[in-house]
Amino acid sequence: MPVNDIPVLTLDGPSGSGKGTVGQLCAQRLGWHYLDSGAIYRALAVSVARRGISARDADRSLEVARALRIDFRPSPPDGVEVVLDGQVLDAELRTEETGELASWLAAIPVIRGALLELQRRYRREPGLVADGRDMGTVVFPNATLKIFLTASAEVRARRRYKQLKLKGFDVTLAHLFQSIQERDIRDSERNASPLLPAAGAVALDTSDLSIEEVTTRVLDLLQTKLGAERGPTSVTTE
Ligand code: DC
């Protein structure tokens, strides 16, 4: 199948909107590939930090981005491992500090350009679920279905708090709330691929919805699109 015909479901939205969890569930149920594009920016941040490079040093950060060797490996029962230069990244990848550094690096246009092809390579048969900030606007503009997830900053901070506490991180709700708001502003107001709903994207406010409700809605919308294009695809909803 020509690569541009391979179906893609894009899920864009701010930190804590549920795109990661919903994206992984959708990919599992569809039997499609899954791209966590934020993990690519995070892995770049780890790599830049390990080399002692400042995120404001665009030239040296760009060199690191161009040489980035990253791989996603399934990690049973239902997770994904991120492998950077042959080494599995764990806690370091998910800290707020890494997220913040990733957000600074992600605002540099040449760095975004250097990571574009890397992300597009994940478009493989039978289909791809891609989550991030610009999946529907820039990386996969001809996606089958584009979803834009939102939730209030309070709800998102609480979700991040629970996630990070479960992973054993020492965080406070107040600090997360502030960090989420700062990151929202940086990701939404930058010139390079800002966080914006793509044209034709379906917006879903997940503040009062469970993961299961959001996943079911997204899969229903996808079924309708796929059905309209080429007849039904089977999806396991359990
Ligand atoms: O989704 P996340 O929190 O793991 O992403 C970390 C940062 O990476 C986020 O603050 C902005 C940046 N990012 C981006 O600019 N574009 C993407 N497609 C994904 C992430």
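The values are calculated or read from the model by the stated rules, or taken from the named source; none is laboratory data. Remember, it's a predicted structure, so these values are computed and weren't measured experimentally. Cβ placement follows ideal geometry from the backbone for every residue including glycine, while neighbour counts extend to all protein chains displayed. The accessibility values were calculated without ligands, DNA or RNA, using every heavy atom of the protein model including side chains. Shrake-Rupley method; radii C 1.70, N 1.55, O 1.52, S 1.80 Å.
Here are the numbers:
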read-out: Between helix 153-166 and the chain: long-axis angle, C-alpha atoms, 0 to 90°, nearest 10; value: 80
read-out: Heavy-atom accessible area per residue - the chain, 1.4 Å, Å²; value: 49
read-out: Calculated P(r) tail over 13 Å for region 1-61, as whole % of Cα pairs; value: 71
read-out: Against the rule of thumb 2.2 N^0.38 Å, how large the Cα Rg of region 20-123 comes out; value: 1.07
read-out: Selected from 61, 210, 15 as most flexible by GNM, with the chain as the system and alpha-carbon contacts under 10 Å; value: 210
read-out: Sum of side-chain charges, residue 5 neighbourhood, beta-carbon under 15 Å (Lys, Arg +1; Asp, Glu -1); value: +3
read-out: Rounded to 10°, Cα long-axis angle of helix 37-50 versus longest principal axis of the chain; value: 20
read-out: Label-point separation, residue 203 to residue 172 (7 Å along Cα→Cβ), nm; value: 3.3
read-out: Mean Cβ count within 10 Å, highest first, over the residues of peptides 197-207, 130-140; value: 130-140, 197-207
read-out: Estimated FRET transfer efficiency (residue 100, residue 124; beta-carbon r; R0 45 Å; 0.05); value: 0.90
read-out: Folded to 0 to 90 degrees: helix 173-189 orientation relative to the chain principal axis, Cα; value: 80
read-out: Accessible surface of region 155-221 [probe 1.4 Å, protein heavy atoms]: carbon and sulfur percent; value: 54
read-out: Protein accessible area in region 1-152, 1.4 Å probe - carbon and sulfur %; value: 50
read-out: For region 43-199, alpha-carbon Rg relative to the globular expectation (2.2 N^0.38 Å, N residues); value: 1.06
read-out: Prolate/oblate/rounded label for region 140-233 (Cα gyration tensor, a/c 1.5); value: oblate
